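**Student:** Shown below is the structure under consideration.
The values are calculated or read from the model by the stated rules, or taken from the named source; none is laboratory data. All of these numbers come straight from a predicted model, not from anything done at the bench. Neighbour counts run over all protein chains shown; Cβ positions are idealised from the backbone, glycine included. Just so you know, the surface numbers come from the protein's heavy atoms only, side chains and all, with ligands and any DNA or RNA stripped out. Shrake-Rupley method; radii C 1.70, N 1.55, O 1.52, S 1.80 Å.
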Amino acid sequence: MSGGKTKLSRQLQCFTATLVVVAICALVATFSGCGKAIRRAQSPDSAFTKFDDRKSTSKFIGDVCGVNGLRPSQIEGIGLVVGLEGTGSEPSPSGQKDYLLRELKSSKTTANAKAAIASPNTSMVMLRGLIPAGAKKGDRMDIEIVTLPDTDTTSLKYGELLPTELRPMAFLSRSVKLGNVMGSAKGRVLVDSLFDGGRDEQSQLKGRILGGGIIGEDRDLTLVVNTEETSVKVTRSIAYSINQRYSTYTASGRDNTATPVTDRIIELSVPQAYQYNLGRFIQSLLAMSYGESVDERVSRLDELDRRISDPATSQRAAIELEAIGEEGLPSLERALKHPDFEVRFYVAESLAYMGRTDGIPHLKLAAESEPAFRWHALTALASIDSKSAKTALFDLFDVQSAETRYGAFRALTACCPDDHRITGQMLANDFHFHQIPSKGPAMIHFSRTRRPEIVLFGGQDMVADNFLYVEAGMTIKAVGNQRVQITRFDPVDGESQFSCSAEISELIRTLAKLGFGYTTMLELCREADGEGTLNSRLVINAAPRIGSKSMADSVNGNLESDDISDRYIANPAPDLFSDVELNSSDPADSNPE
């Protein structure tokens with residue numbers, strides 16, 4: 001048993017290390033974006049500090065403040081997966097098993113906890129989730145599930161997790177040390193083999209529940225003032241400057257973005273314009289000046305007007321002008337006409353977070369053609385409350401890039417979820433299905449984060465005439481005349497047959513009516529794609545990420561220093577598109593372009 005615990009401990013350490021690496025990579029991309037021009041703040045999880053190459057004598061928030069709350073918070077749980085149809089097992093004696101028995105008895109989710117755990121149709125599992133920066137109570141998160149190392153369970157496929165509490169946890173011998181409850185989880189398990197196509201044992205013994213976690217408390221952000229000056233005076237000056245620049249609205253009206261709570265701590269609320277890009281808000285905020293005189297402001301605006309036209313400094317200048325607000329607009333508007341695309345993009349992004357529409361064409365072009373800028377361009381477009389920004393996003397449904405098309409869909413579901421062109425339906429009480437009008441090539445997209453979701457782009461494509469799919473108890477076969485026959489066998493009711501159109505959309509809807517869920521849909525499409533009978537491009541998890549492959553090369557030191565993505569400041573926290581991923585590869589379509 002001690003060997004099993006040691007192996008579990010190594011798995012937990014590996015899992016934690018992976019999460020830390022992901023977070024560090026995002027932060028490294030942030031720091032590498034400005035090279036030697038950015039130094040780390042005193043706070044361990046600050047994202048952005050001062051510009052050392054400036055000539056201005058103004059004092060900046062990033063010079064004296066760090067940001068707390070940017071690191072994701074990991075919470076865990078021990079739960080029971082049910083509905084495994086003989087592939088589960090009774091766990092060996094352990095502290096985890098004792099804990100689960102107590103939890104099941106106290107929650108009364110099963111009539112007989114001991115019998116439920118001993119059943120071959122159940123399996124004890126470890127759960128892990130991340131509460132991202134800026135999260136609010138009630139927000140959802142993905143949950144990763146893994147069996148214990150010494151389990152006799154053979155597969156978690158088709159399993160469903162019973163409601164489980166999540167909290168910080170530590171395991172010591174036969175005891176479990178617990179923190180406060182910070183969330184909960186439940187839902188259908190999607191095993192890793194479903195996405196990576198693997199048939200090895202391990203890929204059947206771990207998986208995730210998309211959007212299955214509910215966050216139980218706010219993840220607050222605070223500014224920490226570190227200065228030898230009189231802290232109360234500085235803290236109030238900083239809070240005043242922030243509230244003059246940024247507006248935050250609640251149900252009761254306008255509210256302060258910055259609220260001093262001690263002589264060194266300022267609580268932060270995220271303004272509406274930055275709701276999809278927390279990292280951008282932090283970058284802009286730390287680039288703000290405080291207590292700046294009129295002469296200092298005029299001098300700095302002149303300096304920024306020069307720097308914004310230089311591709312080597314335009315990115316940082318744009319963020320600083322964005323932080324200034326209205327007075328920075330003239331310089332940004334002039335630079336939007338600059339011949340260099342990189343300069344125009346940085347300017348367009350800043351204008352977007354200032355509520356301006358001038359840069360929309362440049363953001364749209366970047367989303368379509370520049371992978372290193374795509375995440376940022378789509379997020380900026382989603383942040384603009386204007387019809388023209390939404391039109392640009394809808395136009396992106398017609399392009400070739402799968403990442404751009406699905407990214408535009410994700411952006412639109414965030415900023416205008418009720419638009420009839422993107423609204424879908426829940427099928428089989430298991431997954432969301434959306435059929436999107438598009439002039440681009442037919443494409444079917446399956447999500448691997450946030451929620452089980454199928455998005456079908458394009459026309460009424462059909463499966464091929466030789467289409468055939470077989471799984472236990474079901475056969476689906478093309479029978480000519482653009483029809484498909486579905487044959488089911490039930491041990492009680494015997495054989496039954498159904499017929500539907502060979503259109504992919506109708507096949508999905510028909511199977512859903514018969515009770516088949518997300519797992520069957522993806523397995524069917526993966527097999528048909530491999531056999532060439534799908535007639536639509538299959539893509540899995542093509543959501544834009546913070547940084548492209550070239551950005552990853554930049555972090556690893558494999559990119560030439562003059563590449564634009566090497567100088568780009570990445571967002572330090574997962575937001576609109578990018579979730580913290582243990583495996584961010586796209587197994588079904590390695591080239592999302």
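**Student:** May I ask you to list the residues in the stretch 456-479 that are assigned to a strand (DSSP E or B) and open to solvent by 30 Å² or more (accessible area, probe 1.4 Å)?
**Tutor:** Within the stretch 456-479, Met462, Leu468, Val470, Glu471, Thr475, Lys477, Val479 qualify.
**Student:** Still on this model: Anything in the stretch 304-329 that is touching a Ser or Thr at 6+ places or on another chain (Cβ under 9 Å), crowded, with 17+ Cβ neighbours inside 10 Å and not small (Gly, Ala, Ser)? List them, or say none.
**Tutor:** Within the stretch 304-329, Leu304, Asp305, Arg307, Ile308, Ile319, Glu320, Leu321, Glu322, Ile324 meet the criteria.
**Student:** Could you count how many residues in the stretch 394-421 are of a type in the set (A, V, I, L, M, F, W, C) and more than 16 Å from the chain's Cα centre (by Cα)?
**Tutor:** First, pick out the residues of the stretch 394-421 that are of a type in the set (A, V, I, L, M, F, W, C): 394, 396-397, 399, 402, 408-409, 411-412, 414-416.
Next, from what is left, pick out any that are more than 16 Å from the chain's Cα centre (by Cα): 394, 396-397, 399, 402, 416.
So the count comes out to 6.
**Student:** Quickly run through the stretch 511-530 and pick out the residues that are buried (at least 18 other Cβ atoms within 10 Å of the Cβ) and more than 22 Å from Leu210 (Cα to Cα).
**Tutor:** Passing the criteria: Ala528, Asp529.
**Student:** Quickly run through the stretch 198-239 and pick out the residues that are of a type in the set (S, T, N, Q), in contact with a strand residue (DSSP E or B) (Cβ under 7 Å, 6 or more places away or on another chain) and in a helix (DSSP H, G or I). Walk me through how you get there before you give the answer.
**Tutor:** Kept after step one, since they are of a type in the set (S, T, N, Q), are these residues of the stretch 198-239: 202-204, 222, 226-227, 230-231, 235, 237.
From what's left, in contact with a strand residue (DSSP E or B) (Cβ under 7 Å, 6 or more places away or on another chain): 203-204, 222, 226, 231, 235.
Result: Ser203, Gln204, Ser231, Thr235.
**Student:** Please work out which one of (1) touching a Pro at 6+ places or on another chain (Cβ under 8 Å); (2) loosely packed, with under 15 Cβ neighbours inside 10 Å is the condition Leu210 fails and give its number.
**Tutor:** (2)
**Student:** Follow-up question, since we're still on this one. Can you pull out the residues in the stretch 480-497 that are open to solvent by 40 Å² or more (accessible area, probe 1.4 Å) and either more than 18 Å from Lys513 (Cα to Cα) or part of a strand (DSSP E or B) (or both)?
**Tutor:** At the first step, the residues of the stretch 480-497 found to be open to solvent by 40 Å² or more (accessible area, probe 1.4 Å) are 481-483, 485, 488-493, 495-497.
Those that are open to solvent by 40 Å² or more (accessible area, probe 1.4 Å) and either more than 18 Å from Lys513 (Cα to Cα) or part of a strand (DSSP E or B) (or both): Asn481, Gln482, Arg483, Gln485, Arg488, Phe489, Asp490, Pro491, Val492, Glu495, Ser496, Gln497.
**Student:** Still on this structure, I have one more. Can you name the number of the only condition in (1) over 21 Å from Gly207 (Cβ atoms); (2) modelled with pLDDT of 95 or more that Gly459 fails?
**Tutor:** Status for Gly459: all satisfied but (2).
**Student:** When you scan the stretch 242-249, do you find a residue that is open to solvent by less than 70 Å² (accessible area, probe 1.4 Å) and assigned to a strand (DSSP E or B), even just one?
**Tutor:** Just the residues of the stretch 242-249 that are open to solvent by less than 70 Å² (accessible area, probe 1.4 Å), to begin with: 242-243, 245-248.
Still in the running and assigned to a strand (DSSP E or B): 248.
Yes, that holds for at least one residue.
**Student:** Filter the stretch 399-429 for residues that are touching a helix residue (DSSP H, G or I) at 6+ places or on another chain (Cβ under 6 Å), closer than 19 Å to Pro452 by Cβ and not in a helix (DSSP H, G or I) and give the result.
**Tutor:** Answer for the stretch 399-429, where residues must be touching a helix residue (DSSP H, G or I) at 6+ places or on another chain (Cβ under 6 Å), closer than 19 Å to Pro452 by Cβ and not in a helix (DSSP H, G or I): Ile422, Leu427, Ala428.
**Student:** Being modelled with pLDDT of 95 or more, open to solvent by less than 30 Å² (accessible area, probe 1.4 Å) and in contact with a Lys or Arg (Cβ under 9 Å, 6 or more places away or on another chain) is the requirement here; does Glu333 meet it?
**Tutor:** No: the conditions fail for Glu333.
**Student:** Gly138 fails exactly one of the following numbered conditions: (1) part of a loop (DSSP other than H, G, I, E, B); (2) over 30 Å from Leu221 (Cα atoms). What is the number of that condition?
**Tutor:** The number of the failed condition is (2).
**Student:** Would the stretch 294-302 turn up any residue that is assigned to a helix (DSSP H, G or I), in contact with a Phe, Trp or Tyr (Cβ under 7 Å, 6 or more places away or on another chain), farther than 22 Å from Ser388 by Cα and open to solvent by less than 50 Å² (accessible area, probe 1.4 Å)?
**Tutor:** Within the stretch 294-302, the subset assigned to a helix (DSSP H, G or I) is 294-302.
With the extra rule that they be in contact with a Phe, Trp or Tyr (Cβ under 7 Å, 6 or more places away or on another chain), the set shrinks to none.
So far as the stretch 294-302 goes, no, none of its residues is assigned to a helix (DSSP H, G or I), in contact with a Phe, Trp or Tyr (Cβ under 7 Å, 6 or more places away or on another chain), farther than 22 Å from Ser388 by Cα and open to solvent by less than 50 Å² (accessible area, probe 1.4 Å).
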